[in-house]
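Asker: Got a structure here, written out as C-alpha cells. Questions coming.
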C-alpha cells in the first residue's frame, strides 16, 4: 500500500512538471497569432491525443463508454465544457502577464478549489481527520502564497511594465488588472476540471468492473471531459480567425517549427492530464484531493523557475522579486504539507 501511494505521489509530481512547462513553447511562437497556436494545441490535446491513447491502450473503451452511467456522463460533459472557458482564459492570461505570474495565480487558485471542493462534496467526514486537516492547511498556505505573488506582479508592473519582459511570447500584453481577472477566472474554471473528474468516478468504476485497468478506466472520463472542453476553445479560435483574418498564418513560410512547438505544448499538457489520471487512483479515497494540489503546486514552482530563467522578472525591482521568491518558497512548503497528507 505504501509503495502504491509513493508511486501515486511520484506520478502527481511528474504531472506537475509537465503542466508547469507546457506554456514554455509560447515564448517562441510570436510569428503566429494566439488563435493559430491555441487551435492546434487544443485540437491535439483534447481530441487527437485522447482518441489515440484510448484506441491503442483499450480499444474496447468505445463500446463501454456508450453504456457508462448516464448521470456521471452528464457531469463530465458539463464540467468539461465549463473547464473549456477556463482554458481560454488561461491561454489569454499567459499572453497577457507572462508565464511565471499567470501560472502562479491560475494553478494556485485551481489547486485550492480543486482540492477542497471534491473533499467537501464527496468525503465531508474526512475534513476533521488528520488527512483532511493537512489538505486544508496546504490549501491555506497556497492561498497565502497567491497573495504574495499577486503583490509581486503589481510591483513589477508599476516599476517596469509587463510588455517589456514578455520576449516573443505569442499574443499581446495587457494591464495587470485585466491579467489578474483572466487568471482568476481561469483558476476558478480550471478547479472545476478536478471537481468534474472526482464526481465522474462512476464512469471509471464501470470501466474497472468491465475489465479495464485503472489507467484505461480514468481515460474514459478524460475522453468525455476533454471533448466537451474542446468546443468552446475551437469556437473562440474561429471567432478570432474571422476577427483578425489570421487563418492564413498557417501557410506562412517556415511554419513547420510553429506547428511542432504547438504540438509539443499539447503533448506536455495532455500528458500531464493522463499521468494525473494514473496518479489519483493510487492515492486512495482522497486521491483527487491530494494528487491535484500536489501536481499543480509542483507545476507552479517549475513555471516560476522557467519565468525567472527567461528574464520575465529581470527589470522588476528587487522588492518585487523578493516577494515572488517568498511566494515560491511558501509554495514549496505547501508541496511538503500536501505530500504528507497521503
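Asker: By its C-alpha gyration tensor, with a ≥ b ≥ c as the square roots of the eigenvalues, how is segment 293-342 shaped: rounded for a/c under 1.5, else prolate for a/b larger than b/c, else oblate? Write out the running numbers ahead of the final one.
Answerer: Working: a/c = 5.02, a/b = 2.05, b/c = 2.45.
The shape class here is oblate.
Asker: Can you list the residues of segment 237-263 with backbone N under 19 Å from a point 7 Å past the Cα of residue 31, pointing along Cα to Cβ?
Answerer: From segment 237-263, the list is 246-263.
Asker: A further question follows. Where in segment 35-59 does the label zone of residue 247 land, with the point 7 angstrom along Cα→C-beta and an amide N cut-off under 19 Å?
Answerer: So the set is 35-44.
Asker: Mind telling me which of 107, 294, 78 comes out most flexible in a GNM of the chain, alpha-carbon contacts under 10 Å?
Answerer: 78
Asker: Further question: Take the chain, connect every pair of alpha-carbon atoms lying under 10 Å apart with a spring to form a Gaussian network, then pick out the residue of 70, 270, 16 with the largest mean-square fluctuation.
Answerer: Sorting by GNM fluctuation, first place goes to 70.
Asker: Note down the Stokes-Einstein diffusion coefficient of the chain in µm²/s, whole number, using a Kirkwood radius over alpha carbon pairs, 10 °C, and 1.306 mPa s. Present the calculation step by step, with values, prior to reporting the outcome.
Answerer: Values: Rh = 20.0 Å.
In µm²/s, the coefficient is 79.
Asker: At a Förster distance of 25 Å, what's the computed FRET efficiency of residue 238 paired with residue 264, Cβ-Cβ distance as r, to 0.05? Intermediate values should be presented prior to the final figure.
Answerer: On the way: r = 23 Å, r/R0 = 0.93.
It comes to 0.60.
Asker: For residue 124 and residue 231, FRET efficiency with R0 = 25 Å and r from the beta-carbon atoms, rounded to 0.05? Let's see the in-between values first.
Answerer: Values: r = 33 Å, r/R0 = 1.31.
Efficiency at R0 = 25 Å is approximately 0.15.
Read-outs throughout are calculated quantities, based only on the coordinates presented, and are distinct from any laboratory measurement. What you see is a predicted model, and the numbers here were worked out from it, not measured in a lab. Glycine also receives a Cβ, built like all others from the backbone with ideal geometry; neighbour counts cover every protein chain displayed.
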